[in-house]
Amino acid sequence: IYADPAKRLELYFRPKDPYCHPVCANRFPTSTMLLRVRRRTSRKKKQLDTEEQTQPEVQFEMEILGIVTTVYKFQGMSDFQYLAMHSGPDGKQTSMYDKVLMLKPEKEEFFNRELPLYIPPPIFSRLDTPIDYFYRPDIQHRSGYNNPQVSGENLIGLSRARRPHNAIFVNFDDEEIPAKPLDAAVQTWKKVCTNPVDKKVEEEMRKLFEARPVWSRNAVKANISVHPEKLKLLLPYLAYYMLTGPWRSLWVRFGYDPRKHPEAKIYQVLDFRIRCGMKYGYAPNDMPVKAKRSTYNYSLPITVKKQVSHTVSVHDLKQGLGTAGASGAKKPPSSRYKLKESIYVFREGALPPYRQMFYQLCDLNVESLQKIIHRNDGTESECTERDGWCLPKTSDDLRDSMSLMIKQIIRSTRPALFSNTTSSEDCKEQLASESGEDEEDEEEEEEEDFKPSDGSENEMETEILDYV
């Protein structure tokens, strides 16, 4: 918890109870000292008149142990606690912990027993501090109010109507392709394009689509430095989005139909995922490429708080915070939002940054892969939804070749994973020492904050949601 400033410290009053709901403490910066105070008492006899009396003599010793820069304060209220109990007919409460908790491997009879219905709440309160709720009248009950027209197909899971970005979506089966953007997309971009930097970005984007009519969003991010929010408005202004077919999840220049041009096969998309498993020589946990996100990193809403700007403490000043070096300097605007080239280009001898990648065929910079792509040059006869202008099974052949290259890279850098005589413990040690976990961490610190995906694990799904 201390390593992540955005998390809250949890306190469980019943640590052994899995149904115990914790109270959370917020993190605060401070400049205080940790003291050790000793109280020494010595008794001395004093003779007063004719009687001897013992009078204690107290001495205090104080020692500064260190400086405290962070404290956690429990400022919220304890939430409702939901116990595994059952109320009998006479109102007596009976504990169900011995019946619902499986503390050891059980036989089938354990799961087939007749038990009272026990359903814990799906979620507890998201807030643990009292707030004033300012009630407002329901506008739906006002006279003359009409409900907005909303499509009834996808109402589940939407908390609010998404902001429209006026993108045009095209399926592979659609007969016509758009020749120009929607008027709303033009007006929106003209409204946002108010400074020379935006106009320069627009010109650079136009040149990209003139030189290459089909681009992925990650490839655009790697070639142009543009704020992600403005990119959402600029792409629908210059291109339409393909939903299905060999150019799915890609942006295509207005007026260009890749289904009618055999030379467009080099722009087709390849969904490549790094294969892992014992039959490939390494387990998922031994993968040298980290997953984008993991269920182990999931945290409940109550355990996350927004980061606040920390005040400068005495400890920070002693560490030289006031004289930040070159590493703390901001990047120039020309490359502030740019992604690395590896985010969309595959090269021999280099591992992909993520386990699942969407490559365009022209961005596979390996001669053997390009030979597979161009096997039918000049003889393309039909554009199919699965293989586009390429020969059948071309994607499978590309994946097999790329997987073999990646396996060779892992074999050369981590031979212990492929050694039958090496134990699993040695493999893990080899993995930690040779793979350069520290190097990966350093690369992640240098990586831009704008990741290819901020939502779903599926790039295409995430991008569609951004523009719906």
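When you count, for each residue, the other Cβ atoms within 10 Å and take the mean per peptide, how do 69-81, 16-28 rank with the highest first? Mind showing how you got there, number by number?
Working: 69-81: 13.0, 16-28: 16.0.
The peptides rank, most packed first, as 16-28, 69-81.
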Karplus 3J(HN,Hα) series, Hz, for the range 257-271 with 6.51 cos²θ - 1.76 cosθ + 1.60 (x for Gly, Pro)
10, x, 6, 9, 10, x, 5, 7, 5, 6, 9, 5, 9, 10, 7
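I'd like to compare 340-351, 120-131, 189-200: which one has the highest average count of other Cβ atoms within 10 Å, and what's the full order after that?
Values: 340-351: 16.5, 120-131: 10.5, 189-200: 12.8.
Put in order of decreasing packing, that is 340-351, 189-200, 120-131.
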Ratio to report: Rg/Rh of the range 357-397, with Cα atoms as the point set and Rh obtained by the Kirkwood method; give two decimals.
0.94
Summarise the accessible area of the range 210-260 (1.4 Å probe, protein heavy atoms) by the percent that is carbon and sulfur.
47
Residue-by-residue Karplus 3J(HN,Hα) for the range 388-393, coefficients 6.51, -1.76, 1.60, Hz, glycine and proline x
x, 8, 7, 5, x, 6
Need the full-extension length gain, ASP132 to LYS191, defined as separation in residues times 0.36 nm minus the C-alpha distance. One decimal, nm.
17.5 nm
Counting heavy atoms of the protein chains only and a 1.4 Å probe, report the per residue accessible area for the range 1-121 as a whole number of Å².
82
Accessible area of the range 1-127 with a 1.4 Å probe: how many percent of it is carbon plus sulfur?
55
Amide H neighbours of VAL68 under 5 Å, counting only residues 5+ apart in sequence or on other chains, H built in-plane at 1.01 Å?
THR32, MET33, LEU34
Can you give me the Cα centroid spacing of the range 344-401 and the range 1-34 in angstrom?
50
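The values are calculated or read from the model by the stated rules, or taken from the named source; none is laboratory data. These numbers were taken from a predicted model, which means no experiment stands behind them. Positions of Cβ are generated from backbone atoms using ideal geometry, with glycine treated the same way; all protein chains shown enter the neighbour counts. These accessible areas exclude ligands, DNA and RNA; they are computed on the full protein's heavy atoms, side chains included. Shrake-Rupley method; radii C 1.70, N 1.55, O 1.52, S 1.80 Å.
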